[in-house]
Amino acid sequence: MERKQKYYNIEFLRFAFAICIVYFHLLHSFMMDYTGGCDLYLRLAEQSKYAKYIVECFFIISGYFLYHTIRKHPDMTTQSFVIRRVIRLWPALACSIIISAVFFGKSIYASFVDLLFLQSSGLATDWQGLNWYVSAFFVVEIFYFVLYKCFHNSSKMKLLICMLIYFGYEININAMDGGFGRTMFHSIINLGMARAVAGIGLGYMFAIEWTDITEKWKQQKSSRERPDNRGFWIISALEILTLSMLLVDFFYSRKAYENQFIVVILFPIFLACLLTRKGIVSRLTDYKFVGFPGKYAYSIYVMQEVAFAILKRTLWKNTDFLHDYSVVAIATSVFLTAALGILTYYLVEQPSARFLKKTLQDYF
């Protein structure tokens, strides 16, 4: 990671995935009641029904960067790590939950539990909200950090993570008939939490192996006299192939794969291609201005519920507009949701992070 600390292509991917998740949620449960049964919405919803599994990609990316955070700060205490995660995740989440509770009728009790990162933990009955991902992400990242503090990436730790990855995905695939869920499995395990354990674990293991491979790759490259252009064509072909297959799966359900575990197979290959910065896709997206919107991805994700609640009371009341101008209505809804997320980033997420870091600077 010497040449550039920031992977702008991955930042762009995070933003693009956040927009895709917004699109999926609009067409499933939120916007549909206001469309007057328009056939286009129904067809788009059916075609994109597997886009919800983009969340698996988010988990894998998170695990990858968790490893590099630990590698960069090997002596960080568990307390410091937890505080860092709270500072990163809680302000925007709290903003979304409080607005929903005060203005849009969200249960006070459910809101309190969600503020404690307990949604989808198995300790709360509220697992259906859109922000279940945040709670699972928070709890599982702390779990893997503590695991590192105990075993320091030893062979035992790697074996345990591999077992957790296998059983996390195996439980989901069998419980959901080839998909991934959020419900309680036999009243014991929350499937959303199992997804997080498997996905973040896979990203973490991928980072360990990828770091080892790239270090050996650099040694071999330095011993060569002439650059080899074959790598560009091979990586570009892999990028285009894996990205195409993922897009077909997410947005063209008729040609999608029955077992959605295919996402877990394809995405790490695509991620590896981006990390090389040698393929055509990774090069075209690895610019600061392209990756710039990636910093808004989290706020866009957590503010969806608030944005949809506002749209229900404003734009979506005009059912004739939604029926007659379907594409414009969808595009406008996505744009306004993203705009609210960006506004939240500047008014809540960024100022809160600065204030809390300054207040708690002894922990950093």
Within the stretch 81-90, considering residues that are open to solvent by 10 Å² or more (accessible area, probe 1.4 Å) and not aliphatic (A, V, I, L, M), the one farthest from Glu305 (Cα to Cα): Arg84
Considering the stretch 248-280 alone, what residues qualify as being under 22 Å from Phe24 (Cβ atoms), of a type outside the set (S, T, N, Q), at pLDDT below 95 and open to solvent by less than 70 Å² (accessible area, probe 1.4 Å)? Ala256, Tyr257
Of the residues in the stretch 232-247, how many are open to solvent by 30 Å² or more (accessible area, probe 1.4 Å) and either farther than 21 Å from Cys20 by Cβ or hydrophobic (A, V, I, L, M, F, W, C) (or both)? 10
Name the residue, out of Ile310, Ile330, that is farther than 30 Å from Leu202 by Cα, assigned to a helix (DSSP H, G or I) and open to solvent by less than 50 Å² (accessible area, probe 1.4 Å). Ile330
Would you call Asn174 open to solvent by less than 30 Å² (accessible area, probe 1.4 Å) and at negative phi? no
Note: among Gly199, Gly181, just one is within 20 Å of Ile262 (Cβ to Cβ), modelled with pLDDT of 95 or more, within 17 Å of the chain's Cα centre (by Cα) and not aliphatic (A, V, I, L, M), namely Gly199
Can you say whether Asp177 is assigned to a loop (DSSP other than H, G, I, E, B), without any contact (Cβ under 8 Å) to a residue 12 or more places away in the chain and either farther than 21 Å from Phe137 by Cβ or of a type in the set (A, V, I, L, M, F, W, C) (or both), as far as the supplied structure shows? yes
Could you please let me know if Leu115 is within 23 Å of His25 (Cα to Cα), surrounded by fewer than 21 Cβ atoms within 10 Å (Cβ to Cβ) and modelled with pLDDT under 95? yes
What number goes with the only condition from (1) open to solvent by 50 Å² or more (accessible area, probe 1.4 Å); (2) part of a helix (DSSP H, G or I); (3) closer than 30 Å to Leu343 by Cα that Leu160 does not pass? (3)
Return the only residue of Glu349, Glu305 being open to solvent by 40 Å² or more (accessible area, probe 1.4 Å), assigned to a helix (DSSP H, G or I) and of a type in the set (D, E, K, R). Glu305
Might you let me know whether the stretch 45-53 holds any residue that is assigned to a helix (DSSP H, G or I), of a type in the set (D, E, K, R), out of contact with any helix residue (DSSP H, G or I) (no Cβ under 9 Å at 6 or more places or on another chain) and surrounded by fewer than 17 Cβ atoms within 10 Å (Cβ to Cβ)? no
Qualifying residue in the stretch 126-142 (condition: in contact with a helix residue (DSSP H, G or I) (Cβ under 7 Å, 6 or more places away or on another chain), of a type in the set (Asp, Glu) and within 16 Å of Trp90 (Cα to Cα)): yes
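Results for (1) farther than 30 Å from Leu42 by Cβ; (2) in contact (Cβ under 8 Å) with a residue 24 or more places away in the chain, shown as yes or no for each residue.
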position	(1), (2)
Leu202	yes, yes
Leu241	yes, no
Asn259	no, yes
Thr276	yes, yes
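The values are calculated or read from the model by the stated rules, or taken from the named source; none is laboratory data. Keep in mind the model is a prediction, meaning the values are calculated, not measured. All Cβ positions, even for glycine, are placed from backbone atoms using ideal geometry, and neighbour counts span all protein chains on display. Each accessible area value is taken on the protein alone, full model and side chains, heavy atoms only, with ligands, DNA and RNA left out. Shrake-Rupley method; radii C 1.70, N 1.55, O 1.52, S 1.80 Å.
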